[in-house]
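Just below is one structure, and these are the notes that go with it.
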Amino acid sequence: MRLGAHMSTAGGTFRALERAAEYGMDACQIFTKNQRQWAAKPPPDDAVAAFRDKMGEVGIAPDALVAHASYLINLATPDDALWEKSTTSLGGELRACDALGVPSLVVHPGAHVGSGTEAGMARVVAAIDSIYGAADAPVAMTLLETTAGQGTTLGATLDELRVILAGVASPERVGVCLDTCHLFAAGYDFRAESDYRALVAQIDGTVGLDAVRAIHLNDSQHGLGSRKDRHAHIGEGEIGRDGFGWFLMDPRWRDLPGILETEKGDDGEGDRKNMATLRGLAAPAD
Ligand SMILES: [Zn+2]
């Protein structure tokens, strides 16, 4: 796996790449805009140029870059106004990815807030179809993230993601981002090698291995099936080191960005520690 973390774009989008390189990362996740605001102006030309220049300089491969969409977006909502806003916003973020040269954007499938799973999934499909069916459709892929399943959120089962992928008109533009903390909190165990193998077989049998384009590497503060989304440092949560080792040693994920979304601590000590742990697990010394 190409290892990295979600990095701050404070001071300019290119600064995320600079920080990632400083920490010896081979992958990086960014926000394309302030994730707590709706406004999605395209990134200014100078910001795009600075980002693309830095990309060549630091040697992070373009396909090891991924963006994460705003947390305000809810594609599954039954509320028409919010659905419109969410769809427009996701389209804008995908176009920002195109400008920056980032190949994919991770988004949570959303919450149906009482309208039901089927209705919620149909709304997600409609949003994706409206974005990629447009005349000025973006090129960047949308990656639906697996979720812990809090409240009425979709994406806690691989089967829900399979249904959404099967429903969209342009399935080649849609993929999946696995999040280890969310999978575990949603009830998928992969701490033992046999369980990991069973999980991969399940991924293969639902969304398909090729749909997986990114992996979020987070340990979990809460137990298996807790449906609570609280990230922990690698090896310090309920998943433990072994569960990450299976993912890291699996050649099928070799070229994917593996992204930490854990506490950074002072001066990024959290990132440095977790990167060292992941590197150790990827190349066991025996
Ligand atoms: Zn995540």
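Laboratory data are not the source of any read-out in this text; all were calculated from the coordinates shown. Given the structure is predicted, the values throughout are model-derived calculations rather than measurements. Don't worry about glycine lacking a Cβ; one is built from the backbone with ideal geometry, like all the others, and counts go over all protein chains shown.
Dipole of the chain (Lys/Arg Cβ +1, Asp/Glu Cβ -1, origin at the Cα centre): which of GLN37, TYR132, GLY270 lies farthest to the positive side? Going by the charge dipole, the pick is GLN37.
Kindly flag which residue pairs out of LYS41/LYS264; LYS41/LYS85; LYS33/LYS85 have an alpha-carbon separation exceeding 20 Å in this structure. Table pairs above 20 Å Cα-Cα are LYS41/LYS264. The Kirkwood radius of segment 178-286, taken over pairs of alpha-carbon atoms, gives through the Stokes-Einstein law at 37 °C and 0.692 mPa s a diffusion coefficient of 234 µm² s⁻¹.
Express the relative contact order of segment 2-282 as a whole percentage, based on alpha carbon pairs under 8 Å and six or more residues apart in sequence. Write down the numbers at each step before the final one.
Working: 617 pairs, mean separation 46.2, N = 281.
RCO, segment 2-282: 16 percent.
A Cβ-based charge dipole, computed about the Cα centre of the chain with Lys and Arg at +1 and Asp and Glu at -1, lands at about 220 debye. Only Cα pairs under 8 Å and 6+ residues apart enter the sum, and on that basis the relative contact order of segment 159-220 stands at 48 percent.
For the chain, the residue among GLY110, ILE239, LEU178 whose Cα projects farthest onto the positive side of the dipole built from Cβ charges is GLY110.
Take the alpha-carbon positions of segment 14-94, form their convex hull, and give its projected area averaged over all directions (one quarter of the hull surface) in nm². Please list the in-between numbers first.
Details: hull surface 22.9 nm².
Approximately 5.7 nm², given one-decimal rounding.
Footprinting exposure proxy ranking of VAL139, VAL207, fewest other C-beta atoms within 10 angstrom first, gives VAL139, VAL207.
Could you please report the charge total around ASP79, scoring K, R as +1 and D, E as -1 over all other residues with beta-carbon less than 12 angstrom from its beta-carbon?
Numbers: positive: LYS85, ARG123; negative: ASP80, GLU84.
Local net charge: 0.
When the Cα atoms of segment 86-209 are aligned to their principal axes, the ranges along those axes come out at 46, 34, 21 Å in descending order. If you bin every alpha carbon distance in segment 1-144 into 10 Å steps from zero, what whole percent lands in each bin? Spelled out per bin, shortest first, that is 12, 41, 30, 14, 2. Its residue count N fixes a reference of 2.2 N^0.38 Å for the chain, and the Cα radius of gyration divided by that reference is 0.95.
Each of THR9, THR77, THR88 was scored by other Cβ atoms within 10 Å of its Cβ. Listed from fewest to most, they are THR88, THR9, THR77.
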